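The values are calculated or read from the model by the stated rules, or taken from the named source; none is laboratory data. Note that the coordinates shown come from a computational prediction; the quantities given were computed from them, not determined experimentally. Here the Cβ is made from the backbone with ideal geometry for all residues, glycine too, and neighbour counts use every protein chain on show. Each accessible area value is taken on the protein alone, full model and side chains, heavy atoms only, with ligands, DNA and RNA left out. Shrake-Rupley method; radii C 1.70, N 1.55, O 1.52, S 1.80 Å.
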Amino acid sequence: MSVFILRRLMQSLVLLCVMTVIVFAGIYAIGNPIDILISADASQEEYDRAVRALGLDLPLWEQYFVFLGNLAQGDLGKSFVFNEPALQLVLSRLPATLELAFAAMLISITVGIPLGMWAGLRPDGIAGRSIMAGSILGFSLPNFWQGLMLIMIFAVFLQWLPAGGRGPTASFLGMESTLFSAEGWSHLILPALNLALFKTSLVIRLTRAGVRETLLLDYVKFARAKGLSTGRVIFVHVFKNILIPLVTVIGLELGSVIAFAVVTETIFAWPGIGKLIIDSIFVLDRPVIVAYLIVIVLMFIVINLVVDILYSVLDPRVRLADMKS
Amino acid sequence: MSTSHSEPVASVEVAPSARKAIAPWRRLLSAFLESKLAVVGLVGLVLILLVAIFAPWLSPQDPFDLTQIDIMDSKLPPGSESYTGMVYWLGTDGQGRDMLSGIFYGLRISLTVGILSGFFALIIGTSVGLSAAYFGGRIETLIMRIVDLQLSFPAILVALILLAILGRGVDKVILALVIVQWAYYARTSRSAALVERRKEYIEAARSLALSTPRIIFRHLLPNCLPPVIVIGTVQVANAIALEATLSFLGIGLPVTEPSLGLLISNGFNYLLSGRYWISFFPGLALLLTIVAINLVGDQLRDILNPRLQR
């Protein structure tokens with residue numbers, strides 16, 4: 001087991017290095033920062049001095065190592081707009097995004113799994129068919145338009161919920177979050193729902209497919225033949241088996257939820273990292289873009305690692321296959 | 001995912017005696033027509049394509065022609081009439097343009113970008129995937145590592161980063177969409193080709209000393225095509241949705257190419273004052289397009305995947 005984790009850790013480190021190269025090459029490709037930073041009427045002498053001060057006269061590989069060194073110290077430069085360290089800025093916006101992502105995942109799991117199991121157990125019933133039709137709709141609805149429609153219905157016409165912004169936060173067990181205040185929930189519910197709808201459809205489909213495939217397997221027939229109750233067969237024998245793909249996908253989707261939060265945050269004016277990156281792209285706030293990329297890449301690597309480990313705990317075959325190769 | 005282990009359709013299930021009587025494509029067609037929902041999707045898709053192709057002739061107004069647009073007609077609700085007697089069935093936008101015409105032209109742009117990017121991604125991705133499977137070895141490992149790496153990041157994130165670097169523009173959006181999508185085709189075609197390349201007909205082709213490109217494209221490709229086609233339909237829908245999202249966020253197409261996403265984005269500003277139609281109707285058109293493609297794609301997957309034929 002520890003060998004497995006160690007190997008995955010090594011792979012993640014390699015991946016991280018590769019990603020820093022890509023990010024570095026990416027910034028390099030955007031253009032010369034000097035042109036933005038220095039005024040147009042600066043003399044050649046001033047220009048050269050600025051180039052030297054920023055280390056842009058060094059060869060590319062040396063610049064890369066300077067970048068890596070700064071990165072290791074958490075120094076990614078200051079935001080041109082906010083005049084704050086970029087990394088700090090991104091990290092200060094992160095809790096709002098995580099809160100949104102977790103709320104969305106919670107909705108999709110608690111709604112998606114029961115509906116998916118229902119549709120899997122009775123695939124030809126009216127309820128099962130409507131659930132599947134609904135999930136196709138959930139897949140097809142363009143996320144941003146669906147957000148606009150939620151605002152239109154619940155905020156403009158019915159006026160039940162606010163159209164955007166993050167509500168007041170309250171503190172609970174030392175954690176600062178809108179989840180702990182009633183008004184915070186009223187702000188959270190629409191964006192969370194918007195973010196959750198696609199994932200709910202995905203969870204429904206996965207659960208349904210898993211249930212249908214598992215029901216045909218011999219061990220389920222055997223459990224039935226033993227005379228176990230239907231409830232026990234479904235909730236213990238079948239459920240355990242469909243958990244494996246579900247955990248993987250839900251885990252991996254957490255990352256994509258955070259990425260998709262870009263859209264939801266923009267629509268609902270939610271002050272998370274997604275809105276920050278879009279605003280930064282508009283004004284070419286390069287340090288913030290880089291900091292966002294580094295944070296999100298790191299997050300993805302950690303999520304993938306955790307999912308891999310969880311997967312190997314749930315399904316020993318994966319571990320064994322990996323050992324052999 | 002289950003599409004990746006497809007067998008050549010014609011050799012599955014059809015009894016030898018029946019093989020001559022029913023041509024495979026006809027059998028596929030009748031299998032496709034079995035689902036009413038899929039037929040609805042196909043009809044809808046054909047209609048949408050026709051509207052997009054003939055937009056200049058179908059639209060009541062040319063939204064690019066400033067002489068036909070009157071700022072006095074701006075933000076009119078659906079069904080209102082301009083003083084020249086023209087009826088704005090879906091209302092007008094902030095500049096007084098007819099929404100219906102805007103949607104017809106927008107469909108044109110959205111579909112063009114989606115289909116073009118899907119087409120290029122299919123060609124590049126499938127060639128890479130087939131070559132990887134055929135040659136194997138280090139090249140295959142390297143290619144599949146890159147594919148895995150890219151697929152571990154969500155499409156929207158990759159596109160966002162690319163466009164942050166590239167900037168706005170039609171060509172740039174298409175390029176970003178191709179880069180986002182090629183990996184799906186590469187993975188699908190490779191896993192189909194892995195099964196195929198061990199079969200006798202490939203061995204036979206090799207022993208005839210046919211050239212490698214000929215074996216890959218004339219022998220391997222046709223037999224790996226079914227899962228690629230399925231992925232292709234789904235990917236075109238995804239590309240259209242992704243382009244709309246990027247344009248909505250303001251980092252996709254330039255304002256001179258008003259795709260559906262840009263129309264919806266324009267309407268966002270008026271939504272809070274209750275003028276819903278400016279973003280509602282373009283979104284509905286986008287939704288119908290995506291649903292139609294997905295319905296067709298779903299049915300294609302079912303009939304092209306022998307694992308589900310019990």
Find the residue count for the stretch A:278-294, including only residues that are open to solvent by less than 10 Å² (accessible area, probe 1.4 Å) and either of a type in the set (D, E, K, R) or over 21 Å from the mean Cα position of the chain (by Cα) (or both).
1
Only residues that are hydrophobic (A, V, I, L, M, F, W, C), at pLDDT below 75 and under 21 Å from the mean Cα position of the chain (by Cα): list them for the stretch A:133-175, please.
A:MET175
Please go through (1) among the β-branched types (Val, Ile, Thr); (2) within 14 Å of the chain's Cα centre (by Cα); (3) more than 28 Å from A:LEU87 (Cα to Cα) for A:ILE234 and return the number of the only condition it doesn't satisfy.
(2)
Looking only at the stretch A:140-151, count how many residues are part of a helix (DSSP H, G or I) and either more than 11 Å from chain B (Cβ to nearest Cβ) or of a type in the set (A, V, I, L, M, F, W, C) (or both).
6
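To keep it simple, each residue is scored yes or no on (1) assigned to a helix (DSSP H, G or I); (2) within 11 Å of chain B (Cβ to nearest Cβ); (3) open to solvent by 40 Å² or more (accessible area, probe 1.4 Å).
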{"site": "A:GLY112", "(1), (2), (3)": "yes, no, no"}
{"site": "A:MET117", "(1), (2), (3)": "yes, no, no"}
{"site": "A:ARG129", "(1), (2), (3)": "yes, yes, yes"}
{"site": "A:MET132", "(1), (2), (3)": "yes, yes, no"}
{"site": "A:ILE153", "(1), (2), (3)": "yes, yes, yes"}
{"site": "A:ALA163", "(1), (2), (3)": "no, yes, no"}
Complete set of residues in the stretch A:50-70 that are out of contact with any Asp or Glu (no Cβ under 9 Å at 6 or more places or on another chain) and among the aliphatic types (A, V, I, L, M)
A:ALA50, A:ALA53, A:LEU54, A:LEU56, A:LEU58, A:LEU60, A:VAL66, A:LEU68
Against the conditions (1) of a type outside the set (Val, Ile, Thr); (2) modelled with pLDDT of 80 or more; (3) crowded, with 18+ Cβ neighbours inside 10 Å, where does A:ASP218 fall short? Just the number, please.
(3)
For the list (1) in a helix (DSSP H, G or I); (2) more than 10 Å from chain A (Cβ to nearest Cβ); (3) over 30 Å from B:TYR134 (Cα atoms); (4) open to solvent by less than 20 Å² (accessible area, probe 1.4 Å), I need the number of the one condition that B:GLY252 fails.
(1)
Is there any pair with a first residue in the stretch A:255-278 that is more than 10 Å from every other protein chain (Cβ to nearest Cβ) and a second that is surrounded by fewer than 23 Cβ atoms within 10 Å (Cβ to Cβ) and not in a helix (DSSP H, G or I) whose Cβ atoms are under 6 Å apart and which are 6 or more apart or on different chains, and what are they?
A:PHE268/A:GLY164; A:ALA269/A:GLY164; A:ALA269/A:GLY165; A:TRP270/A:ARG166; A:PRO271/A:ARG166
Taking the stretch B:267-291 on its own, how many of its residues are small (Gly, Ala, Ser), within 7 Å of another protein chain (Cβ to nearest Cβ) and in a helix (DSSP H, G or I)?
2
Restrict the check to the stretch B:211-231 and report whether at least one residue is open to solvent by less than 20 Å² (accessible area, probe 1.4 Å), free of Cβ contacts under 8 Å to residues at least 24 places away in the same chain, more than 12 Å from every other protein chain (Cβ to nearest Cβ) and over 23 Å from B:LEU166 (Cβ atoms).
no
Hey, among A:ILE36, A:ILE22, which residue is open to solvent by 60 Å² or more (accessible area, probe 1.4 Å), assigned to a helix (DSSP H, G or I) and modelled with pLDDT under 75?
A:ILE36
Which of the residues that make up the stretch B:132-143 are of a type in the set (A, V, I, L, M, F, W, C) and crowded, with 19+ Cβ neighbours inside 10 Å?
B:ALA132, B:ALA133, B:ILE143
Tell me which residues, restricted to the stretch A:64-93, are aliphatic (A, V, I, L, M), in contact with a Gly (Cβ under 8 Å, 6 or more places away or on another chain) and buried (at least 16 other Cβ atoms within 10 Å of the Cβ).
A:ALA86, A:LEU87
